[in-house]
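Step one of this worksheet: look at the structure below.
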């Protein structure tokens with residue numbers, strides 16, 4: 001190509017392809033031959049890990065969560081530990097291949113070098129491959145209300161929900177709460193099968209629509225239901241996505257459940273892998289999901305962007321749709337609950353706090369100073385929230401808005417051009433923006449305290465403890481229990 005320096009054509013081509021596809025949507029992606037092989041290995045039944053979630057925080061591979069009873073947990077690894085080496089291979093500043101290095105055949109050994117409190121230690125762990133349950137908790141609550149938490153739509157998830165429901169029905173449950181909060185989705189057929197537990201055979205659950213006719217499909221229930229009449233409530237929030245939205249949307253459209261919580265994520269795009277030469281692959285978006293009433297689950301239209309590059313919301317699906325009983329439900333992306341517990345905010349502060357690891361870092365420091373001994377006695381005081389707010393604001397963070405980006409550009413330009421009056425004006429605007437940030441903290445205080453509580457509890461009692469604590473003190477669950485105790489109001493909401 002006659003470039004002045006030596007180049008790697010393959011790397012240039014891969015970079016170009018990835019950049020091109022990123023202009024379409026975040027889910028249309030290119031995978032190299034190595035990426036494809038790594039993915040196959042991860043999906044194989046022989047490939048298992050050590051039972052820990054990791055992510056890079058401040059360029060250090062940090063343990064963020066442990067699965068109870070797995071090898072990492074039994075071996076003494078703890079949240080906050082920094083992994084330096086895996087089998088003598090340094091993993092500093094690079095996430096490439098970490099899961100492949102950690103994973104391997106069941107019962108094979110892997111050496112982990114980690115640092116805690118500036119002390120380095122190397123241990124050998126056995127890859128135990130213990131599978132996490134899709135249903136970490138189900139229970140019969142007071143007043144004979146059944147509760148089932150579903151964390152993922154992995155293979156066999158519908159069987160787990162069915163098994164839990166059977167136990168609860170044997171215990172004479174008179175109502176059911178299906179908790180899909182924080183569930184990112186998974187296998188479509190598992191979602192269809194879960195809906196099938198509550199609705200008749202041959203009922204439409206979800207359809208896909210595409211510009212290409214062969215990708216237009218309808219997914220209907222194929223079995224007789226387990227329970228057609230048990231009063232049912234589905235809990236969702238902003239982190240309920242994809243298959244979670246299919247279940248919530250279908251049960252809402254069919255007037256089979258009352259949905260409570262916050263508007264869901266809005267991930268309604270369907271991808272299909274296509275093979276490429278030399279073992280590479282492209283996963284391309286081929287269609288969109290629609291609920292039985294005709295609502296599109298997808299929230300963002302990646303084909304429509306503002307001048308600044310921001311993605312616009314789906315417009316052609318916004319509006320009012322009708323459920324089976326003629327109730328109004330609303331399109332425009334995601335599933336809008338029948339009882340909305342969300343707070344209207346100007347910025348996505350929660351997402352930003354998590355993205356910058358403020359929640360994890362603060363929770364870790366709190367956990368190390370004040371380890372939780374008893375779930376029933378645990379609660380965060382007002383002073384903890386105030387300290388968290390102070391810490392976040394002092395560190396500084398971007399709200400990722402067009403206004404803030406333009407202010408930053410104006411400040412940089414004014415400094416370069418030595419325009420002192422402009423610099424002072426920008427500083428005034430920046431002070432106003434900081435006040436907006438502080439107001440947002442106050443507005444979302446309850447949600448922030450819940451996030452901090454969950455993270456702290458997870459460090460002491462694992463993910464199961466988070467659900468145990470929610471049963472003791474959670475607004476959405478309490479709202480659901482109150483509604484199931486008033487079946488007249490429940491029935492009225494579905495008419």
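Numerical summary
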| quantity | calculated |
| --- | --- |
| Residue check, residue 40 farther than 23 Å from residue 269 by Cβ and under 25 Å from the mean Cα position of the chain (by Cα) | yes |
| Matching residues in segment 126-159 - criterion: being more than 20 Å from residue 241 (Cα to Cα) and part of a loop (DSSP other than H, G, I, E, B) | 127, 128, 129, 130, 131 |
| Long-range neighbours under 6 Å by Cβ, at least six apart or interchain, first residue outside the structural domain of residue 304 (by TED's automatic domain parsing) within segment 5-24, second surrounded by 11 or more Cβ atoms within 10 Å (Cβ to Cβ) and part of a loop (DSSP other than H, G, I, E, B) | 21/28 |
| Residue check for residue 99: within 27 Å of the chain's Cα centre (by Cα), outside the structural domain of residue 466 (by TED's automatic domain parsing), assigned to a loop (DSSP other than H, G, I, E, B) and at pLDDT below 95 | no |
| Among residues of segment 25-56, those that are part of a helix (DSSP H, G or I) and without any contact (Cβ under 8 Å) to a residue 24 or more places away in the chain, counted | 4 |
| Exclusive hit being farther than 15 Å from residue 134 by Cβ and assigned by TED's automatic domain parsing to the domain that holds residue 162, set 220, 247 | 220 |
| Complete set of residues in segment 171-209 that are assigned to a loop (DSSP other than H, G, I, E, B), within 26 Å of the chain's Cα centre (by Cα) and over 25 Å from residue 471 (Cα atoms) | 187 |
| Some residue of segment 432-454 being within 14 Å of residue 392 (Cβ to Cβ), within 28 Å of the chain's Cα centre (by Cα) and outside any helix (DSSP H, G or I) | yes |
| Residue list for segment 405-422, restricted to those being assigned to a helix (DSSP H, G or I) and surrounded by fewer than 16 Cβ atoms within 10 Å (Cβ to Cβ) | 405, 406, 408, 409, 412, 413, 415, 416, 420, 421, 422 |
| Residue count, segment 273-302 (criterion: touching a residue at least 24 places away in the same chain (Cβ under 8 Å) and surrounded by fewer than 13 Cβ atoms within 10 Å (Cβ to Cβ)) | 1 |
| Subset of segment 482-495 [out of contact with any strand residue (DSSP E or B) (no Cβ under 6 Å at 6 or more places or on another chain) and either buried (at least 20 other Cβ atoms within 10 Å of the Cβ) or in contact (Cβ under 8 Å) with a residue 40 or more places away in the chain (or both)] | 483, 485, 487, 490, 494, 495 |
| Of the criteria (1) outside the structural domain of residue 368 (by TED's automatic domain parsing); (2) modelled with pLDDT under 95, which one residue 480 fails | (2) |
| Search result, residues across segment 69-93 that are closer than 22 Å to residue 58 by Cα and part of a loop (DSSP other than H, G, I, E, B) | 77, 78, 79, 80, 81, 88, 91, 92, 93 |
| Top-ranked residue of segment 1-56 - restricted to ones that are under 17 Å from residue 281 (Cβ atoms), surrounded by 14 or more Cβ atoms within 10 Å (Cβ to Cβ) and in contact with a helix residue (DSSP H, G or I) (Cβ under 9 Å, 6 or more places away or on another chain), ranked as modelled with the lowest pLDDT | 41 |
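The values are calculated or read from the model by the stated rules, or taken from the named source; none is laboratory data. Nothing here was measured: the structure is a model prediction, and the numbers come from that model. Counting neighbours? That spans all protein chains shown, and the Cβs are built from the backbone with ideal geometry, glycine included.
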